[in-house]
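The values are calculated or read from the model by the stated rules, or taken from the named source; none is laboratory data. Keep in mind the model is a prediction, meaning the values are calculated, not measured. Cβ atoms come from the backbone with ideal geometry, glycine included; neighbour counts cover every protein chain shown.
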Protein chains: 2
Amino acid sequence: MLNHIKPINIVYSMTAVVSAHFSRFGKRSESVLELAAESALPIVRKSAKEIDLVIVSNSYSGEFNGISGINNLVATYLSMDDVPSMRVDNTSGSGGTAVLAAHSIIRAGEARTVLVVGVEKMSDRQTRDVTSIISSLLGERERATGASLPSLAALLATIYMRKYSATRESLAQVAVKNHRNALLNPYAHIHKAVSLDEVLSSRTIIEPLRLYEISPISDGAASLLLTSDETAGSFTDKPVYIRGTGFASDSAFITSRNELTSLESVRRAGAVALKRSGVNRPDFAELHDMATVLELVEAEALGLFKEGEAWKAVLSGGTDIGGEMPLNTSGGLNSKGHPIGASGVAQIGEVFLQLRNEAGQRQVKNAETGLALSMAGFGNSAAVTVLGV
Amino acid sequence: MLNHIKPINIVYSMTAVVSAHFSRFGKRSESVLELAAESALPIVRKSAKEIDLVIVSNSYSGEFNGISGINNLVATYLSMDDVPSMRVDNTSGSGGTAVLAAHSIIRAGEARTVLVVGVEKMSDRQTRDVTSIISSLLGERERATGASLPSLAALLATIYMRKYSATRESLAQVAVKNHRNALLNPYAHIHKAVSLDEVLSSRTIIEPLRLYEISPISDGAASLLLTSDETAGSFTDKPVYIRGTGFASDSAFITSRNELTSLESVRRAGAVALKRSGVNRPDFAELHDMATVLELVEAEALGLFKEGEAWKAVLSGGTDIGGEMPLNTSGGLNSKGHPIGASGVAQIGEVFLQLRNEAGQRQVKNAETGLALSMAGFGNSAAVTVLGV
């Protein structure tokens, strides 16, 4: 790396997150570069000289914004022309994947301090175009049938309810909870409480899923500063450590999978991350609730609830902020919004705030460990990060 | 990672390239996924079970091919559904950047063996569209003036000739040499010898640069298998080691740079990579000759020749395969072709072949160290890799 030439046999045992900042998510008039800067500037103003590398988590700057080389443009826009940069893309799982790359590059001694900027600017395109562009991650067979990610989620919802006798209300309750949580998050896209009735009577997107059950099309950015454990103390007296990571994939040919309800990549990535971290059960988790049903299926795949049981926990308040396993305290993709490249970075940002006791009204009490699941496609890939103080 | 769960305190001191394969570069009828597979299958057939991670180096699958999540699609296409993957993009510098990421991920112990697949399928679009899409990496100011990468190269050619009294013939001779080298490379796009007169009388692209002096629009793929030094011996008895890496950037606002002829990012990345590797002067180099003049300016920025002297070496045969510093034995971007995401991977593949004494008729005698420069944009970023046996 540029700023810190080190012999290649120096490696660090751990990396820490030492700062997290966000743009407000929503329909924003700013450009993709301006959004990136909005989230990164608080970090850059304080620590520009220490940053060895910028990793931009972004999937669709070409399709949505007509620009390429976004990593270099972001670095230039931040007046860090001479700091090397790369773009890491793994569609909806880009954020977790970018943090995994940053974590490795720091541990390998290639960089000591890395700025991760997740950003996506989606709202300039029509909903139909956005859905079509995002569905370009599917295999040809799936695309030929007209399948999209919402339609696959609808299929999953039907299977989940039938297989586990889950009530329709339990799925809708995920949206009620996440809308409630988002009201407490100043960066969230949707600031509106919704009742169970409102969710269930909102417009049908794809049967059985309703409008409030699918994440909106959002613009937004989130930035993290990561550094080696050795240097973390020079940035903050409250570093949050990456305790374990897991990364797994599944077939892009979704219809060739054995089971839709198992989300095999999530199960495997979660098992590895938890094993590596030595954490049996995190105190809370940020999940990839692109559709309500996914929060339930993912929570089970990660072992946070037994198979077929998560829907009961949601109904009984077990996944509320004050519950036994708070899920998506940030509002989740469902209500915080889902700017693709930003989502996974923002999830780890939320875990960071919670573990530093800085989550304000949505604070989980006495949280010491948290998990973030960044998922690509429909479980095509899963990056799980377990953090702790 | 998936296949090899390791405690996080295991790190490796070095990584090795143990295999390299290529698709033929050129105007190909195959899809981007088929090209990726063409280069990767020889590796996958032999070593699929050992691969922990796939990194796809690709910049424009959305713009050129209408697909996203290409990393997951490539892994699925290779029947490695359960192997995690990510896309690394840094425009024309993607290949070197992807190898840097793989190198770090291996050294950090997150993966032991990584398949890097570089691929781009460009020829489905018209030349005008390709130029426009690639120029989307430029800053708004440059785009507003109608600048493109070829026009910047033309400007650089004029400045270089004036500043160093370089002859027009010296630039053209780069094309003559690289066309000659490509004739010896079965994977090269252009298999046609050209004389100095032919280069100088070919169609003007942008004054003063001629058709044979600008890299063609190519489709193609290249794949490398990287592993830790500990495991390299189980793949081959002739591993090639990554001795040092350097990564640096420059402003995306090209017109705000002090000097066009210094390629500051190349200079800095080269200095770091050579220092880390302990190599004063590599035995040969693969450079980013998108335009002929760039080979000269880069060779000087890397210290392979003194400032303003490279053009003399080209004229006297010093950069020929049998010369004191062979440059672009593969044919370079100029004649091997320049499928954006594949180029940097293929460069390291050429260094690999040369260092194993497997480069056939274009073999550099007694080569023990080689350098590859993967450059993004117009020196917006540079990733330098120094390899040795």
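Among the residues of the stretch B:320-328, is any surrounded by fewer than 18 Cβ atoms within 10 Å (Cβ to Cβ), in contact (Cβ under 8 Å) with a residue 60 or more places away in the chain and aliphatic (A, V, I, L, M)? No. Among the residues making up the stretch A:261-271, those that are surrounded by 20 or more Cβ atoms within 10 Å (Cβ to Cβ) and among the aliphatic types (A, V, I, L, M) are A:Leu263, A:Val266, A:Ala269.
Among the residues that make up the stretch A:116-130, is at least one of them more than 20 Å from the chain's Cα centre (by Cα), assigned to a helix (DSSP H, G or I) and either of a type outside the set (Val, Ile, Thr) or crowded, with 24+ Cβ neighbours inside 10 Å (or both)?
First, the residues of the stretch A:116-130 that are more than 20 Å from the chain's Cα centre (by Cα): A:124-129.
From the residues that got through so far, the ones that are assigned to a helix (DSSP H, G or I) too are A:127-129.
Still in the running and either of a type outside the set (Val, Ile, Thr) or crowded, with 24+ Cβ neighbours inside 10 Å (or both): A:128-129.
Yes, there is a match, as at least one residue in the stretch A:116-130 is more than 20 Å from the chain's Cα centre (by Cα), assigned to a helix (DSSP H, G or I) and either of a type outside the set (Val, Ile, Thr) or crowded, with 24+ Cβ neighbours inside 10 Å (or both).
Under the condition of being crowded, with 24+ Cβ neighbours inside 10 Å and among the aliphatic types (A, V, I, L, M), the residues counted in the stretch B:305-315 number 2.
Table: residues versus (1) over 21 Å from A:Glu110 (Cβ atoms); (2) assigned to a loop (DSSP other than H, G, I, E, B); (3) at pLDDT 95 or above; (4) of a type in the set (A, V, I, L, M, F, W, C).
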{"site": "A:Ser13", "(1), (2), (3), (4)": "no, yes, no, no"}
{"site": "A:Ser29", "(1), (2), (3), (4)": "yes, yes, yes, no"}
{"site": "A:Ser39", "(1), (2), (3), (4)": "yes, no, yes, no"}
{"site": "A:Arg45", "(1), (2), (3), (4)": "yes, no, yes, no"}
{"site": "A:Val54", "(1), (2), (3), (4)": "no, no, yes, yes"}
{"site": "A:Phe64", "(1), (2), (3), (4)": "yes, no, yes, yes"}
{"site": "A:Ser68", "(1), (2), (3), (4)": "yes, yes, yes, no"}
{"site": "A:Asn71", "(1), (2), (3), (4)": "no, no, yes, no"}
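Across the stretch B:355-370, the qualifying residues are those that are part of a loop (DSSP other than H, G, I, E, B) and in contact with a Leu (Cβ under 8 Å, 6 or more places away or on another chain), and the one among them that is surrounded by the fewest Cβ atoms within 10 Å (Cβ to Cβ) is B:Glu368. If I filter the stretch A:156-205 down to residues being in contact with a helix residue (DSSP H, G or I) (Cβ under 6 Å, 6 or more places away or on another chain) and among the hydroxyl-bearing types (Ser, Thr, Tyr), which single residue comes out as surrounded by the fewest Cβ atoms within 10 Å (Cβ to Cβ)? Result: A:Ser202. With respect to being touching a Gly at 6+ places or on another chain (Cβ under 8 Å), closer than 15 Å to B:Leu33 by Cβ, touching a residue at least 40 places away in the same chain (Cβ under 8 Å) and more than 8 Å from chain A (Cβ to nearest Cβ), B:Gly118 fits the description.
Candidates B:Ser256, B:Ser262, B:Ser228, B:Ser249: the one that is at negative phi, within 14 Å of another protein chain (Cβ to nearest Cβ) and in contact with a Phe, Trp or Tyr (Cβ under 8 Å, 6 or more places away or on another chain) is B:Ser228.
On the basis of being under 19 Å from B:Val117 (Cα atoms), hydroxyl-bearing (Ser, Thr, Tyr) and buried (at least 24 other Cβ atoms within 10 Å of the Cβ), does B:Ser343 make the cut? Spelling it out, B:Ser343 is indeed under 19 Å from B:Val117 (Cα atoms), hydroxyl-bearing (Ser, Thr, Tyr) and buried (at least 24 other Cβ atoms within 10 Å of the Cβ). The residues of the stretch B:322-376 that are within 10 Å of the chain's Cα centre (by Cα) and β-branched (Val, Ile, Thr), listed by number, are B:Ile340, B:Val345, B:Ile348.
If we keep just the residues of the stretch B:131-149 that are more than 12 Å from chain A (Cβ to nearest Cβ) and in a helix (DSSP H, G or I), which is surrounded by the most Cβ atoms within 10 Å (Cβ to Cβ)? So that I can check it myself, show each step before the final result.
Of the residues in the stretch B:131-149, the ones more than 12 Å from chain A (Cβ to nearest Cβ) are B:131, B:144-148.
The next check asks that each one be in a helix (DSSP H, G or I); those that pass are B:131, B:144.
Working: B:Thr131: 15, B:Ala144: 9.
Applying the filter and picking the extreme gives B:Thr131.
For the subset of the stretch B:206-249 comprising residues that are of a type in the set (Asp, Glu) and farther than 30 Å from B:Ala157 by Cβ, which member is surrounded by the most Cβ atoms within 10 Å (Cβ to Cβ)?
B:Asp229
Identification of helices (runs of 4 or more DSSP H) wholly contained in the stretch A:264-342 with 2 or more residues that are at pLDDT below 95 yields A:264-277.
Kindly indicate whether any position in the stretch B:106-114 is modelled with pLDDT under 95, assigned to a helix (DSSP H, G or I) and facing another protein chain (nearest Cβ under 7 Å). Checked against the condition, which is being modelled with pLDDT under 95, assigned to a helix (DSSP H, G or I) and facing another protein chain (nearest Cβ under 7 Å), the stretch B:106-114 yields at least one hit. When you look at B:Ala252, is it within 20 Å of A:Asp81 (Cα to Cα), under 21 Å from the mean Cα position of the chain (by Cα), crowded, with 19+ Cβ neighbours inside 10 Å and in contact (Cβ under 8 Å) with a residue 24 or more places away in the chain, yes or no? Judged against the criteria, B:Ala252 is a match. Scanning the stretch A:58-75 for residues that are without any contact (Cβ under 8 Å) to a residue 60 or more places away in the chain, at the interface with another protein chain (Cβ under 7 Å from one of its Cβ atoms) and not hydrophobic (A, V, I, L, M, F, W, C) gives A:Gly62, A:Gly66, A:Ser68, A:Gly69, A:Asn71, A:Asn72.
Does A:Leu373 count as in a strand (DSSP E or B), within 23 Å of A:Ile190 (Cα to Cα) and out of contact with any Phe, Trp or Tyr (no Cβ under 9 Å at 6 or more places or on another chain)?
Yes.
Scan the stretch A:259-294 for residues that are over 25 Å from A:Val389 (Cα atoms) and out of contact with any Ser or Thr (no Cβ under 8 Å at 6 or more places or on another chain) and the total you get is 9.
The C-beta contact set for the stretch A:76-93 (first residue more than 7 Å from chain B (Cβ to nearest Cβ), second residue of a type in the set (S, T, N, Q), distance under 6 angstrom, 6+ apart or interchain) comprises A:Gly93/A:Ser374; A:Gly93/A:Ser381. One residue alone among A:Ala20, A:Ala48, A:Ala36, A:Ala98 is within 9 Å of another protein chain (Cβ to nearest Cβ), touching a residue at least 12 places away in the same chain (Cβ under 8 Å) and small (Gly, Ala, Ser), and that residue is A:Ala98. Does B:Glu300 count as without any contact (Cβ under 8 Å) to a residue 40 or more places away in the chain and more than 14 Å from chain A (Cβ to nearest Cβ)? Here the answer is yes, as B:Glu300 does meet what is asked.
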